[in-house]
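The values are calculated or read from the model by the stated rules, or taken from the named source; none is laboratory data. The structure presented is a predicted model; accordingly, all values stated were derived computationally and were not measured. Neighbour counts are summed over all protein chains in view; Cβ atoms, including those assigned to glycine, are modelled from backbone coordinates with ideal geometry. For the accessible areas, the whole protein counts, side chains as well, though only heavy atoms, and no ligand, DNA or RNA atoms are used. Shrake-Rupley method; radii C 1.70, N 1.55, O 1.52, S 1.80 Å.
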Amino acid sequence: MKIDYSGIGITEADRSYNGSRFSEVSEAIFANPYQPIWGSGSAPPLPTYEVTLLSVLRGVVPFGQRYVFRQAVERTVDSHADLRWGTNGRGFRRLLHPNGVCLKGLWEITEPTEYSGYFSNDHKGLLIGRYSTCCTETRRGRTRSLALVGKLYPTTDPNHQQPLRTASFFTQEDIAGENTNYINDAELRNAPNVHAWRRGWGTPILIITGIVFQIVDREPAQRQLYQIAELGKPENEPTRCPNFMRLTVSPDQPRIEGSDLDFRDEIMAHIFDQGDPVPRRKLVFNIETTDDGSRRGPGIAQRLTFNNWRRIGRITFDNAVISYNGDFVIHFHHPTWRSDRNNPSTATRENERKVH
């Protein structure tokens with residue numbers, strides 16, 4: 001598929017964003033599945049979109065167009081939009097995580113915490129997630145980096161009429177890749193390790209990604225969590241945000257077998273029976289947090305160690321879809337780096353200071 005780079009940066013629609021409805025975003029991601037009924041005998045194969053060095057480098061030279069990848073990074077950080085349709089209604093090609101499966105469910109904090117917003121006890125909210133791999137590889141038995149991002153709504157009413165501003169989180173395995181065969185064994189963190197050499201021929205893409213994120217947003221690897229800690233919080237209440245979050249599949253979840261299994265099929269099999277359009281099961285992740293962590297090594301070879309992980313809640317997904325709009329249209333706002341995660345005035349990007 002030819003990639004359309006027009007409008008990949010910030011647009012007027014991004015600037016005018018004032019929230020969305022859960023039903024609106026759900027309808028969008030379920031509108032055009034690649035397989036009308038997942039796993040049916042007549043279902044076409046899932047597409048696999050490639051990540052290439054050429055696409056990441058496009059426009060980087062001084063005589064070329066404005067550097068496309070930098071525009072994409074700036075848009076990811078600056079745009080709060082939940083859906084980005086573009087001028088032709090076809091959305092935009094993701095340059096780093098193009099292959100994914102979208103999920104719907106519920107975020108629940110079930111334990112007392114010292115945190116604010118939707119990290120505090122008894123807070124529940126509707127969640128739209130996207131499980132993906134960094135770069136091209138999707139199959140079991142290969143080095144890949146599994147990732148889960150989420151869009152949290154401050155409501156449990158799927159039919160709420162008022163547009164609501166959402167809060168996003170980003171979690172991932174080692175950014176350069178792991179050899180995790182089952183999603184059950186993946187440890188997804190907002191502060192992943194980075195071992196660049198694992199990417200093999202894709203190492204230049206990883207290095208370029210880190211450089212551009214550092215230029216645009218200072219911190220290339222860790223994704224702060226303050227959006228969730230500020231969701232639904234009274235303005236006069238101080239932000240109290242965890243430093244680290246870990247998502248792991250519940251130990252009660254079964255394992256899905258299959259040689260060379262695509263992670264998208266693995267996710268779907270946790271919820272559906274092949275050829276049956278009705279969800280039959282749920283996929284549950286545990287939410288754990290800690291403020292006790294340290295980092296060793298340079299940016300391309302960094303390892304983090306943690307202590308005192310504590311389970312504070314769960315995410316329960318009850319529906320999923322692999323769709324064109326899930327790959328091209330849905331957008332998750334990347335929270336800009338704050339030198340003090342609890343202080344909006346320390347945000348790296350000026351527009352985020354203005355929002356608060």
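At a glance:
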{"quantity": "Qualifying residue in segment 263-270 (condition: of a type outside the set (Lys, Arg) and in a loop (DSSP other than H, G, I, E, B))", "calculated": "no"}
{"quantity": "Qualifying residues in segment 177-203 (those that are under 16 Å from residue 221 (Cβ atoms), in a loop (DSSP other than H, G, I, E, B) and open to solvent by less than 30 Å² (accessible area, probe 1.4 Å)) - the one modelled with the highest pLDDT", "calculated": "190"}
{"quantity": "Residue check, residue 246 open to solvent by 20 Å² or more (accessible area, probe 1.4 Å) and outside any loop (DSSP other than H, G, I, E, B)", "calculated": "yes"}
{"quantity": "For residue 174: the one exception among (1) open to solvent by 10 Å² or more (accessible area, probe 1.4 Å); (2) part of a loop (DSSP other than H, G, I, E, B)", "calculated": "(1)"}
{"quantity": "Filter result for residue 257 (open to solvent by 50 Å² or more (accessible area, probe 1.4 Å), of a type in the set (Asp, Glu) and at pLDDT below 95)", "calculated": "no"}
{"quantity": "Tally of residues being open to solvent by 20 Å² or more (accessible area, probe 1.4 Å) and at pLDDT 95 or above across segment 97-107", "calculated": "2"}
{"quantity": "Subset of segment 225-247 [in contact with a helix residue (DSSP H, G or I) (Cβ under 7 Å, 6 or more places away or on another chain) and over 12 Å from residue 342 (Cβ atoms)]", "calculated": "228, 231, 232"}
{"quantity": "Hey, residue 72 open to solvent by less than 30 Å² (accessible area, probe 1.4 Å), part of a helix (DSSP H, G or I) and modelled with pLDDT of 80 or more or not", "calculated": "no"}
{"quantity": "Top-ranked residue of segment 283-337 - restricted to ones that are in a loop (DSSP other than H, G, I, E, B), under 20 Å from the mean Cα position of the chain (by Cα) and not hydrophobic (A, V, I, L, M, F, W, C), ranked as farthest from residue 47 (Cα to Cα)", "calculated": "336"}
